[in-house]
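The values are calculated or read from the model by the stated rules, or taken from the named source; none is laboratory data. Since the structure is predicted, the reported quantities are computational estimates derived from the model, not experimental observations. As a convention, Cβ positions derive from the backbone with ideal geometry for all residues, glycine included, and neighbour counts pool all protein chains shown. Note: accessible area is taken over every heavy atom of the protein model, side chains too, but ligands, DNA and RNA are not part of it. Shrake-Rupley method; radii C 1.70, N 1.55, O 1.52, S 1.80 Å.
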Amino acid sequence: MREFVFALEYEPGHNGVADTLADHPDARIRSLSLHATDERLWRVDHATGTRTALADIEAAFRDSDYYADCLATEDCGATQTTQVLDRTDDTLVLYSDWERTPTCASVPHIARDHLGEGILFETRHEGRHYTWRIVHSGEGDVAAFFDALEAAVGDCARMEMLRAATAETDAPTGDANGEANGLAPEQEAALRAAVEHGYYESPRAVDVGDLADHLDVPRSTLTYRLRRAEERLAKGYVSDERFADGPSTRL
């Protein structure tokens, strides 16, 4: 089995959910389940945030031209229904059922076309960044998948490859993607700049806004890259065999 992780960074006005999350930076959405056939897509998503953020997220799923991940740049005539499965003050669980039309495209359907069936999908949505993790048999044409995805996305979003690995071991490939240390090149560059400019000093010598200006990237993009790099390094540290049998402290 093989896996790869990539992110779509949506431009304003091209994805209602991304626009909503950009307005609520502390809100998050992650998939609990995602299934696709040639004609349909079903998914269950878990959202966290303030009550106002969750209300806006629900409205984005129900009312905007989101269509459960449709990548069409214009109204494709698809049919989607969204239901609330669970709700608390700071969580929301949504079920979406999408019936596509011949003009619709989506990440799962493009993956089915080029990687075959039996694919597993996991998503996480933070701000304008929509991260996909895809696990597949290792057969099919990954390059053709990304070419088709790039064509479908067009100018609506920018793609960023984050990781490619063998799913069984979760080990970085260290191939042409430049991930021998487990980090995508953009993440490594952001982390190096943060260290060099004193972002991790106490007190900090530079804030994330100034660092983003120095790197000439949007603040949200830099924050996203640093968060993913920190997550990757922290998980790698904890899972290291030297610490596997060590004591843990319950909070």
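Below is a table of values for the structure above.
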item: Folded to 0 to 90 degrees: helix 185-196 orientation relative to the chain principal axis, Cα; result: 40 degrees
item: Check: segment 41-162 dipole with +1 on Lys, Arg Cβ and -1 on Asp, Glu Cβ, in debye; result: 220 debye
item: Cα-only Debye scattering, segment 20-132: base-10 log of I(q)/I(0) at q = 0.12, 0.13, 0.15, 0.23 Å⁻¹; result: -0.40, -0.47, -0.63, -1.38
item: Centre separation in Å (Cα based) which lies between segment 51-124 and segment 184-199; result: 33 Å
item: Accessible area in the full protein assembly, largest first, 1.4 Å probe, for Leu162, Leu85; result: Leu85, Leu162
item: Mean projection area, nm², convex hull over Cα of the chain; result: 15.2 nm²
item: Accessible surface of the chain [probe 1.4 Å, protein heavy atoms]: carbon and sulfur percent; result: 48 percent
item: Area of Met159 that stays accessible when all protein chains are in place (1.4 Å probe, Å², to 10); result: 60 Å²
item: Probe 1.4 Å - accessible area at Arg133, Å² to nearest ten; result: 70 Å²
